[in-house]
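The numbers here are math on the coordinates, done by the rules we state, and not lab data. Here the structure is a predicted model, which means the values were calculated and not measured. Neighbour counts are summed over all protein chains in view; Cβ atoms, including those assigned to glycine, are modelled from backbone coordinates with ideal geometry.
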Amino acid sequence: MTLSLQPAARRLAALALLGASAAPALADINIGVIASLTGPAAALGNETRKAVSLMPASLGGEKLNFIVLDDTTDPTAAVTDIRKLIGEHKVDAVLGPNLISNGNAIADVANQEKVPLISVAPIDVSGDKRRYVFRSEPGADLMVKRIVDDMVAAGAKTVGFIGFADSWGDTLFNALKATVEGSGLRIVAAERYGRTDPSVQAQVLKTLAAKPDVVFVGASGTPAAMPQITLRERGFKGAIYQSHGVTSKEFLRVGGARVEGALVPVGPVLVAEQLPDGHPVKKVGSAFVQALEARYGPESRSTFAGASWDAWLLLQNAIGSALKTARPGTQAFRDGLRDALENTRGLVGSNGVYSTTPADHAGYDPKSVVLVKVENGAWRLVK
């Protein structure tokens, strides 16, 4: 992929390249990208595509080729995509996908083929399945803990859950169940709906009948607006928390005034310029936001774009190490990437700080998480 970068994007690329050691020209580095560019999760995949458009055309003297494939929000298509990227395009690494179900589907292929995968979805794999699989998105447990802490601090005693009837909904609900234990908070309703359902009236009525103090919507993208809209239409006055899966401009557009006040745990890129000066992510996050908005317009930022960019920063850091010992396109180079990814220390991204270990292939610093509120149609830092 040949990119023509605007000034802000060129500055971002220069910042990203700091610390990358130059090396004699060897061979092109092929990087696969799997994103949900169509289907129900297209809003997420579009954010990944935005980040890819800002990625540099070379690194350390080597040409970078980004091959982007659409998984159509379907795990089977994601598996087809990764096999094509590895078999036909001979990629050295893969970035993406956007969904847990798709990430879990391709993790086995990445391990079988020994090609590093940096998932933008918060997949959680262990044992042998972890070896070549990494992620840039913080786990749901960290994000849910942040909102449960806020619920408790606000004096809530009961919470209702309305979430997707899929793996993402399961992940968020399980995290909620685990986090409320011992907190004094009690789950009084647990309702599910499909990403393409036209209504959640029944789920909302059942939740309201349980009289929760607060409600947690365990969904993502624009479909996450529907429960909040319906709750407000039905007169619910309590606080409504959304997952970090809603942080795109499209969610704000679809929800409009009826998602005002939503509380969301996020990676800091969403409010980069609002961060205190001492926050470690402020410089990198602000540079990324500046470049993204220079190309796509004001408020085009999202944590999905930030996580996709951070997946690249993790890979870029690993490329610098792997180039010292191996030639791109070889298994030795891919293994070098894997080893470097597993030993990342204190890497500051646009959306968090990362330090990986053999037991933790995400390495996301919990202190990076912030709480934001939808206020006047924009994201505002709470704390």
Sort all Cα-Cα distances of region 13-157 into consecutive 5 angstrom bins from zero, then give the percent of pairs in each bin up to the one containing the longest distance.
2, 9, 17, 19, 17, 14, 10, 6, 3, 2, 1, 0, 0
Ranked by Cβ crowding within 10 angstrom, fewest neighbours first, how are VAL115, VAL269 ordered?
VAL115, VAL269
Two decimals is fine: what's Rg over Rh for region 73-164, C-alpha atoms, Kirkwood radius as Rh?
1.14
Rounded to 10°, Cα long-axis angle of helix 303-322 versus longest principal axis of the chain
30 degrees
Using alpha-carbon coordinates alone, the radius of gyration and Dmax of region 140-266 in Å work out to 12.9, 37
Where does the chain land at 222 nm, in deg cm²/dmol rounded to the nearest 500, when only DSSP H runs of n ≥ 4 count, each adding -39500 (n - 2.57), divided by all residues?
-12000 deg cm²/dmol
Over the Cα atoms of region 124-211, what Rg and Dmax result, in angstrom?
15.2, 47
Exposure proxy check on ASP128, ASP70, ASP28: fewest-to-most Cβ neighbours within 10 Å is ASP128, ASP28, ASP70
Per residue convex hull volume, Cα only, region 238-383, in Å³ is 130 Å³
In degrees, nearest 10, range 0 to 90: what is the angle between the Cα axis of helix 331-341 and the longest Cα principal axis of the chain?
40 degrees
Jot down the per residue volume, in cubic angstrom and as a whole number, of the convex hull over the alpha-carbon atoms of region 275-326.
96 Å³
Where does helix 75-87 land angle-wise versus the long Cα axis of the chain, in degrees 0 to 90, nearest 10?
10 degrees
With no solvent and one equal point scatterer placed on each C-alpha of region 63-127, evaluate the Debye formula and give log10 I(q)/I(0) for q = 0.18, 0.20, 0.28, 0.29 Å⁻¹, two decimals.
-0.57, -0.71, -1.40, -1.49
In whole Hz, what ³J(HN,Hα) sequence does region 273-279 give by Karplus (6.51, -1.76, 1.60; θ = phi - 60°), x for Gly and Pro?
6, 8, 5, x, 4, x, 5
How about region 178-262: which trypsin sites (Lys or Arg not before Pro) there are in a DSSP loop, with at most 16 other Cβ atoms within 10 Å of their Cβ?
ARG234, LYS237
Compactness summary of region 94-139: radius of gyration and Dmax from Cα atoms, Å, are 9.0, 25
Can you quote the Å³ per residue value for the convex hull of the Cα atoms in the chain, rounded to an integer?
122 Å³
